[in-house]
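Working notes for the structure below.
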Amino acid sequence: ALKWFLERRRPPEHVRPQLDIGYAIVGHVVDIFEIRPDWQDETSTRHTPVARVRFVRTANEWRLYWMRRDLKRHLYEDEGVHPSLQSALEVVHADAYCCFFG
């Protein structure tokens, strides 16, 4: 599912040094983030959160979160609960309300 997502969302090869998409998996959590050079020190990079998808084993579901302007993660309102990671990533990719990629 993550390979599918990255194939569709990553920018072209020549743009990736300036803007890229990455992910990290820790336990039952998948964090998706933008990777950009730090504006003050171009030798380091910044990871800006895009979305978080968490697997809830007791409910056997994936929950999709987005970061609001209060810098806290909130369950994505109407489409926050999904039966699979693929389903949640499709919502992030579509970004119907511009909550993930602006």
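Listing for the model above:
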read-out	value
Residue count, region 56-93 (criterion: open to solvent by less than 70 Å² (accessible area, probe 1.4 Å) and either out of contact with any Gly (no Cβ under 7 Å at 6 or more places or on another chain) or of a type in the set (Val, Ile, Thr) (or both))	20
Answer residue from region 62-102, given it is touching an Asp or Glu at 6+ places or on another chain (Cβ under 7 Å) and part of a loop (DSSP other than H, G, I, E, B) and is farthest from residue 33 (Cα to Cα) among those	83
Unique match (being hydroxyl-bearing (Ser, Thr, Tyr) and in contact with a helix residue (DSSP H, G or I) (Cβ under 8 Å, 6 or more places away or on another chain)) among 97, 76, 65	76
Of all residues in region 1-50 being in contact (Cβ under 8 Å) with a residue 24 or more places away in the chain and among the basic types (Lys, Arg), the one that is surrounded by the most Cβ atoms within 10 Å (Cβ to Cβ)	9
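The values are calculated or read from the model by the stated rules, or taken from the named source; none is laboratory data. As the structure is a computational prediction, the values presented were derived from the model and not from experiment. Here the Cβ is made from the backbone with ideal geometry for all residues, glycine too, and neighbour counts use every protein chain on show. When the accessible area is computed, the model is the full protein with side chains, heavy atoms only, and any ligands, DNA or RNA have been set aside. Shrake-Rupley method; radii C 1.70, N 1.55, O 1.52, S 1.80 Å.
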